[in-house]
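Here's the structure we're looking at; comments come further down.
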Amino acid sequence: MQMRSDEVHAMLDLETLAVCPWAIILSVGAVAFRPNGEIVDKFYRNVDPKSCMDIGLIADPNVAEWWAHPDREEARKAFNTDKRPILDVIDEFGTWFNRNGCSRVWGHGASFDIPIWETACRFGKKPFPWHFKYVRDTRTVFDMADVEFSALKKEGAYHNALDDAINQTKALTDCLQALEVLS
């Protein structure tokens with residue numbers, strides 16, 4: 001596997017009210033980056049949960065209860081301001097992704113962030129900006145590099161979508177360099 005170190009990729013992270021593909025999205029964080037570790041741009045939006053319900057996305061009461069735990073207060077504060085309609089956020093993210101010339105999109109796990117985003121786009125009758133063959137998963141790379149992501153030191157607020165995207169990007173680019181897959 002070889003990857004050009006000068007192309008731009010995107011790391012997508014979501015905070016949600018469920019863990020299924022049709023989850024209500026609370027916030028969207030993304031980082032445009034080069035595989036050599038350079039961060040090109042950042043994106044963060046809070047989403048109005050009602051606008052998600054309006055297109056058919058759902059909440060799981062167990063996840064809402066999980067968010068209520070006192071340890072998550074800092075993260076909750078971050079997505080409780082400037083809430084925007086999901087359809088506007090989908091459009092803004094697509095513009096951001098394309099403006100930065102992102103060639104691939106990464107999520108932390110094959111079954112969470114990207115499938116939830118794609119479902120929100122489908123439910124909202126909006127396109128997502130990437131081609132299906134350019135979707136990537138950080139956990140596979142972490143396994144290949146024998147890195148335990150949960151054991152790594154992280155910066156920022158845990159469960160803040162932008163902080164998580166930044167931490168995932170840093171860990172991923174370190175692994176890509178260690179695996180010597182950049183050209």
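When a 1.4 Å probe is rolled over the protein heavy atoms, the share of accessible surface on the chain that falls to carbon and sulfur comes to 51 percent. Using only alpha carbons, segment 1-90 has a radius of gyration to Kirkwood radius ratio (Rg to Rh) of 1.06. Among beta bridges from DSSP that stay inside the chain, the antiparallel ones total about 60%. Our summary gives segment 51-178 a relative contact order of 27 percent, counting only alpha carbon pairs under 8 angstrom and 6 or more residues apart.
Normalised by the number of residues in segment 115-178, the mean separation of alpha-carbon contacts (under 8 Å, six or more apart) gives a relative contact order of 29 percent.
Please identify the longest segment of the chain free of exposed GluC sites (Glu not before Pro), where exposed means a DSSP state other than H, G, I, E or B and no more than 11 other Cβ atoms within 10 Å. Here the longest segment lacking exposed loop sites spans 1-147. Whole-percent P(r), the chain, all Cα pairs, 5 Å bins from 0: 1, 9, 17, 22, 20, 15, 10, 5, 1, 0.
Annotation: lysines with alpha-carbon distance below 25 angstrom to LYS154 (same-chain offsets under eight excluded): LYS42, LYS77, LYS170. The chymotrypsin sites (Phe, Trp or Tyr not before Pro) of segment 106-183 that meet both conditions, a loop assignment by DSSP and at most 13 other Cβ atoms within 10 Å of the site Cβ, are TYR158.
Between LEU87, LEU172, LEU152, the residue with the greatest mean-square fluctuation in the GNM of the chain (Cα pairs under 10 Å linked by springs) is LEU152. From its DSSP helices (H runs of at least four residues, each -39,500 (n - 2.57)), the chain gives a residue-normalised ellipticity at 222 nm of -11000 deg cm²/dmol.
For segment 1-53, the average shadow cast by the Cα convex hull is 4.8 nm², which is a quarter of the hull's surface.
Accessible surface calculations at 1.4 Å, restricted to protein heavy atoms, place segment 64-134 at 55 Å² per residue. Taking Cα atoms, how many degrees apart are the long axis of helix 161-178 and the longest axis of the chain, rounded to 10 and kept between 0 and 90? So the inclination is approximately 20 degrees.
The values are calculated or read from the model by the stated rules, or taken from the named source; none is laboratory data. Remember, it's a predicted structure, so these values are computed and weren't measured experimentally. We place every Cβ from the backbone using ideal geometry, glycine too, and count neighbours over all the protein chains shown. What goes into the accessible areas is simple: the full protein's heavy atoms, side chains included, and nothing from ligands, DNA or RNA. Shrake-Rupley method; radii C 1.70, N 1.55, O 1.52, S 1.80 Å.
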